[in-house]
Amino acid sequence: MTPKELRNERLAERLIRNLQRRHIEGFYCPTGEEAVKKVSELIADGSSVTWGGTMTVRDLGIPDALRSRGTLEVLDRDLVETPEEKYAMYLRAFSTDVYLTSANAISEDGVIVNIDGNGNRVAAITWGPKKVIFVVGLNKVAQTVEAALSRARGTASPINAARFDIQTPCQMDGVCHNCNSPGSICNYVHFLRNSPQGRHVVVLVGEDLGY
């Protein structure tokens, strides 16, 4: 085991303990391939499943892996074309058995931070789907909640603004300006600090994933 692998394992163990204190089940997968298998194991046959705007889930090939099972109702938001179809898919997400997403950041003591432009993702995390599975690369772990928020706003948001080609100040120079621009993608800031119903599961991955 390399020094980095050892550090990742120990960090994940600590984080999983802290998640458990918050009634959130946690797992650690050293590789993306193992993470795909773990996510599939967590979803029972016959379940309905969809995902939010997460590059981590897509880059790992999780949607294809779930479709290939042939035993799930997969609601693929990436196949809708019109704004009306997209809105309808957002609403259907609330009634699914499983909602997949990632996180913009997670603090070492287990607080999960996400920022949304439209709010559909953080809304589904908060309420609706029976189970929410986060797939999070260890590159998104920050020491404190404040550092996690800083990462979400200063790292993830400018990259996502560039990904969607949204003309925000952070897209122009890569720095958060705490703006109120019409295209801002930092409209809804969400902190998940406790899961009293046990709806939330976190799969930590020992790779750099997403933004």
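Restricted to the range 61-78, and to residues there that are charged (D, E, K, R) and assigned to a helix (DSSP H, G or I), the residue that is surrounded by the most Cβ atoms within 10 Å (Cβ to Cβ) is Arg77. Looking only at residues of the range 12-27 that are open to solvent by 60 Å² or more (accessible area, probe 1.4 Å) and either touching a residue at least 60 places away in the same chain (Cβ under 8 Å) or among the aromatic types (Phe, Trp, Tyr) (or both), we find that the one that is nearest to Lys140 (Cα to Cα) is Arg14.
Here Lys38, Lys86 are screened, and the one residue that is over 22 Å from Tyr211 (Cα atoms) and among the basic types (Lys, Arg) is Lys86. The set of residues in the range 156-175 that are open to solvent by 50 Å² or more (accessible area, probe 1.4 Å) and not small (Gly, Ala, Ser) comprises Ile159, Arg163, Phe164, Asp165, Gln167, Met172, Asp173, Val175. Please list, ordered by first then second residue, the pairs with beta carbon atoms under 8 Å, 6 or more apart or interchain, first in the range 63-88 and under 17 Å from Lys37 (Cα atoms), second exposed (fewer than 12 other Cβ atoms within 10 Å of the Cβ). So the pair list comes out as Pro63/Asp78; Arg69/Asp45; Thr71/Asp45; Thr71/Gly46; Leu72/Asp45; Leu72/Gly46. State which residue is least open to solvent (accessible area, probe 1.4 Å) when the search covers only the range 1-11 and only residues that are hydrophobic (A, V, I, L, M, F, W, C) and out of contact with any strand residue (DSSP E or B) (no Cβ under 7 Å at 6 or more places or on another chain). That would be Leu6. For the range 99-130, a residue qualifies if it is among the basic types (Lys, Arg) and in contact with a Gly (Cβ under 9 Å, 6 or more places away or on another chain), and exactly one does: Arg121. Residues in the range 117-129 that are part of a loop (DSSP other than H, G, I, E, B) and touching a strand residue (DSSP E or B) at 6+ places or on another chain (Cβ under 7 Å): Gly119, Pro129.
Kindly indicate whether Ala12 is closer than 24 Å to Ile115 by Cβ and more than 14 Å from the chain's Cα centre (by Cα). Outline the logic, then answer.
Working: closer than 24 Å to Ile115 by Cβ: yes; more than 14 Å from the chain's Cα centre (by Cα): yes.
Against the criterion (closer than 24 Å to Ile115 by Cβ and more than 14 Å from the chain's Cα centre (by Cα)), Ala12 qualifies.
Restricting Ala147, Ala123 to those that are modelled with pLDDT of 95 or more, open to solvent by 10 Å² or more (accessible area, probe 1.4 Å) and within 23 Å of Arg92 (Cβ to Cβ) reduces the list to Ala123. Taking residues in the range 177-191 that are modelled with pLDDT of 95 or more and surrounded by 14 or more Cβ atoms within 10 Å (Cβ to Cβ), and partners anywhere that are part of a loop (DSSP other than H, G, I, E, B) and of a type in the set (A, V, I, L, M), the pairs with Cβ atoms closer than 6 Å and at least 6 places apart or on different chains are Phe191/Val111.
Quick check, is Val57 under 19 Å from Lys130 (Cβ atoms), modelled with pLDDT of 95 or more and open to solvent by less than 90 Å² (accessible area, probe 1.4 Å)? Yes. The set of residues in the range 197-211 being at pLDDT 95 or above and open to solvent by 60 Å² or more (accessible area, probe 1.4 Å) consists of Glu207, Asp208. Scanning the range 126-139 for residues that are closer than 18 Å to Val189 by Cβ and either of a type in the set (Gly, Ala, Ser) or open to solvent by 10 Å² or more (accessible area, probe 1.4 Å) (or both) returns Thr126, Trp127.
A single entry from Asn139, Asn114, Asn194 fulfils the requirement of being closer than 23 Å to Glu34 by Cα, polar (S, T, N, Q) and at pLDDT 95 or above: Asn139.
The values are calculated or read from the model by the stated rules, or taken from the named source; none is laboratory data. Values in this document were obtained by computation on a predicted structure and should not be read as measured data. Virtual Cβ from ideal backbone geometry, glycine too; neighbours counted across all protein chains shown. Heads up: the accessible areas ignore ligands, DNA and RNA and are worked out on the full protein's heavy atoms, side chains in. Shrake-Rupley method; radii C 1.70, N 1.55, O 1.52, S 1.80 Å.
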